[in-house]
Structures are given as C-alpha cells and as structure tokens.
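Novice: The structure's right below; bear with me while I get my questions together.
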Amino acid sequence: MAAGLGVTIVPGLAAAAVREDVALLRIRSDRPPTRTVLLAGRAGAEPSAHARAFGDALHEVAAQLRLELQRRVRQR
C-alpha cells in the first residue's frame with residue numbers, strides 16, 4: 001500500500017459497502033460462480049413459522065443485495 005495500490009477479493013455481499021473511490025472488477029470464469037448458503041435447524045423438527053419467516057427475509061435481502069451489487073458493478 002505504500003504506492004497507494006492494493007488488490008483483494010471482495011465477496012459479493014460485501015461489495016455494496018465498498019467505498020465509491022474503489023474500483024470493482026468482475027473475475028472472469030468459464031463457469032458461473034456458485035455458492036450454497038444453508039440455514040441449520042434441529043434434525044427431524046419442522047421449522048417454526050418464525051424460522052420460515054426469517055429464512056424468507058434472508059432470501060429477500062440477499063436478492064436485493066445481489067441487484068445492488070450488479071448495479072454498482074455496471075456503473076464502474
């Protein structure tokens with residue numbers, strides 16, 4: 001960083017919080033990136049209505065963050 005330069009890999013969900021003066025570049029690949037996120041609960045127990053609502057809320061927020069990231073990457 002002595003020259004004012006640095007490189008790092010930023011997870012998509014964190015990219016929305018990157019300062020505006022930092023350039024984000026998409027990593028190119030032949031295959032789309034995949035990631036699996038799971039909610040854990042007790043084995044054999046049906047999720048409660050609250051747990052299902054929480055999962056639905058997480059899904060919605062993740063979708064909104066993904067759209068925001070795509071918007072920010074297109075702008076740069």
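Novice: Note down the magnitude of the dipole of the chain about its Cα centre, charges +1 on Lys and Arg C-beta and -1 on Asp and Glu C-beta and zero elsewhere, to the nearest 20 debye.
Specialist: Charge dipole, the chain, about its Cα centre: 280 debye, nearest 20.
Novice: Show that you can apply the helix-only estimate: for the chain, add -39,500 (n - 2.57) for every DSSP H stretch of four or more residues, divide by all residues, and state [θ] at 222 nm to the nearest 500.
Specialist: Working: 2 runs with 31 residues, N = 76.
Calculated from helices alone, the mean residue ellipticity at 222 nm is -13500 deg cm²/dmol.
Novice: Another question, if that's okay. Kindly express, to the nearest 10 degrees and within the range 0 to 90, the angle between helix 49-75's C-alpha long axis and the longest C-alpha principal axis of the chain.
Specialist: Rounded to the nearest ten degrees, it is 20.
Novice: Mind jotting down the distance between the C-alpha centroids of segment 51-76 and segment 9-28, whole Å?
Specialist: After rounding, the separation between the Cα centres reads 15 Å.
Novice: Apply 1/(1 + (r/R0)^6) to the Cβ-Cβ distance of Ala43 and Arg19, taking R0 = 35 Å, and write down the FRET efficiency to the nearest 0.05.
Specialist: Working: r = 43 Å, r/R0 = 1.23.
Once rounded, the FRET efficiency stands at 0.20.
Every read-out reported here was derived from the displayed coordinates using simple, explicitly stated rules and does not represent laboratory data. From a predicted model like this one, the values you see are computed outputs, not experimental measurements. Backbone-built Cβ (ideal geometry, glycine too); neighbour counts: all protein chains shown.
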